[in-house]
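What follows is a short report on a single structure.
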Amino acid sequence: MKNKICPSMMCADIFDLKNIVSVFEKTNIDYLHIDIMDGCFVPNYTLGTDYCRMLKEHTAIPLDIHLMINEPENKIDWFPIDEKDYVSVHCESTNHLQRALSRIKEKGAKAMVALNPATPLFAVENVLDDIDAVLIMTVNPGYAGQKLIPSTLKKIKSAREFLDSRGYKDIEIEVDGNVSFENAVKMKNAGANMFVVGSSGIFKKEFSLEEGIERFRMAVKS
């Protein structure tokens, strides 16, 4: 599978957004990762529906929308998603996971299940036919800048084995949380191929955004 870079837009300077998106276009970034937090499922508020619409109007880069909200199945229609986009919902956030995934698919987008660090892999057992990817949280969701939970590296490896053994080798694995250059190598070796990169990666102030992207791309190069 192709390794995909998904910059976390929560970490992008909103006052420099036009230039940042321009850099992403020039460097062929795969997806823009949009964290949607409702202050209930996770203890924070972040980006919203209008932010997604604005990005859709100004760039052709697909979105990777991460819904950290309660009852996402009732809110899918709020978002401007299409066949190029990924949308992830947390299995912990709804009693109707399959319904949420079906509504994403009805919009033409790719559906993803997100798992918190302590959520077991078997939580996706009965929706494997409904998903295109699994998002493994390597920190507890809510805030940028957290440290990697070491056990999640084993979880990534177990997820790849879990999917492959059931005949779902095409289901991708995305990772989110302290995806630094060093950790990204470990995550890739464990089986991840989609990387949500934020303040511990390409958005570091010690180098330019272009340099950060190039360094990250070399780190996860197959």
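The values are calculated or read from the model by the stated rules, or taken from the named source; none is laboratory data. These numbers were taken from a predicted model, which means no experiment stands behind them. Note that each Cβ is placed from the backbone with ideal geometry, even for glycine, and that neighbours are counted across all protein chains shown. The area values use the complete protein model at the heavy-atom level, side chains included, leaving out ligands, DNA and RNA. Shrake-Rupley method; radii C 1.70, N 1.55, O 1.52, S 1.80 Å.
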Legend entry - For peptides 64-72, 117-125, sequence by mean Cβ density within 10 Å, most packed first: 64-72, 117-125
Legend entry - the chain, relative contact order [Cα under 8 Å, separation at least 6], %: 19
Inset, instruction - Using every pair of alpha-carbon atoms in region 34-102, split the distances into 5 Å bins beginning at 0 and state the percent of pairs per bin, rounded to integers. - result: 3, 17, 30, 25, 16, 7, 1, 0
Inset, instruction - Between beta-carbons, use under 14 Å as the cut-off and find the net charge around Asp16, counting Lys and Arg +1, Asp and Glu -1. - result: 0
Inset, instruction - Please provide three numbers in whole Å: the alpha-carbon extents of region 90-222 along the principal axes, with the largest listed first. - result: 44, 28, 27
Legend entry - Label-reachable residues, region 170-208, where backbone N falls under 13 Å from a point 7 Å from Lys147's Cα toward its Cβ: none
Legend entry - Highest-first arrangement of 203-212, 168-177, where packing means the average Cβ count within 10 Å: 168-177, 203-212
Inset, instruction - Would you work out the charge dipole size for the chain about its Cα centre, treating the Cβ of every Lys and Arg as +1 and the Cβ of every Asp and Glu as -1, and quote it to the nearest 20 debye? - result: 640
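Quick one: of the DSSP bridges fully inside the chain, what percent are antiparallel, nearest 5?
Working: 1 of 33 bridges.
About 5 percent, rounded to the nearest 5.
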Inset, instruction - Report, to two decimal places, the Cα Rg of region 1-76 normalised by 2.2 N^0.38 Å (N = number of residues). - result: 1.14
Inset, instruction - Would you mind calculating the gained length between Asn74 and Lys2 on full extension (0.36 nm times residue separation, minus the Cα-Cα distance), in nm to one decimal? - result: 22.7 nm
Inset, instruction - List the lysines whose Cα lies under 22 Å from the Cα of Lys169, skipping any in the same chain that are fewer than 8 positions away. - result: Lys2, Lys4, Lys84, Lys105, Lys110, Lys154, Lys155, Lys157, Lys186, Lys188, Lys221
Inset, instruction - Mind checking the per residue accessible area of the chain for me, 1.4 Å probe, whole number of Å²? - result: 46
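Quote the FRET efficiency, to the nearest 0.05, computed for Met218 versus Asn19 with a Förster distance R0 of 25 Å and r equal to the Cβ-Cβ distance.
Values: r = 23 Å, r/R0 = 0.92.
Rounded to the nearest 0.05, the efficiency is 0.60.
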Legend entry - Under-5 Å amide H pairs with Ile173, H placed in peptide plane, nonlocal only: Val134, Asn193, Met194
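Take the alpha carbon gyration tensor of region 98-164, find the square roots of its eigenvalues, order them as a ≥ b ≥ c, and report rounded if a/c is under 1.5; if not, report prolate when a/b exceeds b/c, else oblate. Working shown, then result.
Values: a/c = 2.56, a/b = 1.50, b/c = 1.71.
It comes out oblate by the Cα gyration axes.
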Legend entry - For region 78-136, diffusion coefficient by Stokes-Einstein and Kirkwood Rh (Cα), 25 °C, 0.890 mPa s, µm²/s: 214
Legend entry - region 1-110, accessible surface, carbon-and-sulfur percent (1.4 angstrom probe): 49
Legend entry - Packing rank of 36-44, 18-26, where each peptide gets the mean count of other beta carbons within 10 Å, highest leading: 36-44, 18-26
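Out of the DSSP beta bridges found with both residues in region 26-115, what percent are antiparallel (nearest 5)? Numbers along the way, then the final one.
Details: 1 of 16 bridges.
About 5 percent, rounded to the nearest 5.
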Inset, instruction - Over all alpha-carbon pairs in the chain, figure out the percentage whose distance exceeds 23 Å. - result: 42
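How fast does region 33-159 diffuse by Stokes-Einstein, in µm²/s, taking the Kirkwood radius from C-alpha pairs at 10 °C and 1.306 mPa s? Provide the component values of the computation, followed by the final result.
On the way: Rh = 14.9 Å.
In µm²/s, the coefficient is 107.
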Inset, instruction - Take the eigenvalues of the Cα gyration tensor for region 150-222, scale each by 5, and report the square roots as semi-axes in whole Å, largest first. - result: 26, 12, 9
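Calculate what fraction, in whole %, of the accessible area of region 133-222 sits on carbon and sulfur atoms when a 1.4 Å probe is rolled over the protein chains.
Working: 2130 of 4180 Å².
With neighbouring chains kept in place, the figure for region 133-222 is 51 percent.
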